[in-house]
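I have placed the structure first, in the form of structure tokens, so that the comments after it can refer back to it.
The values are calculated or read from the model by the stated rules, or taken from the named source; none is laboratory data. All of these numbers come straight from a predicted model, not from anything done at the bench. Ideal geometry is used to build each Cβ from the backbone, glycine not excepted, and the neighbour counts take in all protein chains shown.
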């Protein structure tokens, strides 16, 4: 049996944090977000911008305070790393994907929150999009959740780690939901689900 990479999800802390977004008859199954590889690449970009701006500000502050060149460099690098770290923490925590016993939820934002949800019985099919590097090196991809009834007809889980595992879990949850409500005729197992581009 293949290893499932989401065994520790959801943690007790995640269950408490996301409890307000769930209905009474709903249980949290999985919490994820952007992949580790995507987060690392974004951290590198944030070091460049806005990191360089904070580094220049650090040099300016050091010059105004009359600090030595070594202290100016230390201050500049510290501000650069601190700003990139704050930015990546915000991006990571502001983009969460939740699988529950009833639906898939996308939560965007920290202070002002936007939720997008699709009930499993409204999902028509799933697509996994992975490039060659995404699949074999970075182990992340995008899951397109196509639904009946949404304006755009789909919701997107971008840059998730091990997307095939999440897709397979979603298919099991969808089938269980359909069996529970007697909708077995429209089974999700007919879905190809794997698109490699």
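One table, with the values for the structure above:
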| quantity | calculated |
| --- | --- |
| Test: residue in the stretch 112-129 that is under 23 Å from residue 36 (Cβ atoms), surrounded by fewer than 17 Cβ atoms within 10 Å (Cβ to Cβ) and modelled with pLDDT under 95 | no |
| Residue in the stretch 53-62 that is assigned to a loop (DSSP other than H, G, I, E, B) and surrounded by 13 or more Cβ atoms within 10 Å (Cβ to Cβ) present | no |
| Qualifying positions in the stretch 7-23 - closer than 18 Å to residue 116 by Cβ and touching a strand residue (DSSP E or B) at 6+ places or on another chain (Cβ under 8 Å) | 18, 21, 22 |
| Residue count for the stretch 29-51, restricted to those that are assigned to a loop (DSSP other than H, G, I, E, B) and under 10 Å from the mean Cα position of the chain (by Cα) | 2 |
| Checking residue 94 against (1) modelled with pLDDT of 95 or more; (2) over 30 Å from residue 26 (Cα atoms), the condition it does not meet | (2) |
| Given (1) in contact with a strand residue (DSSP E or B) (Cβ under 6 Å, 6 or more places away or on another chain); (2) surrounded by fewer than 20 Cβ atoms within 10 Å (Cβ to Cβ), number of the condition residue 134 does not satisfy | (2) |
| Residue check, residue 146 closer than 20 Å to residue 38 by Cβ and crowded, with 16+ Cβ neighbours inside 10 Å | no |
| The stretch 168-183: number of residues that are touching a residue at least 60 places away in the same chain (Cβ under 8 Å) and at positive phi | 0 |
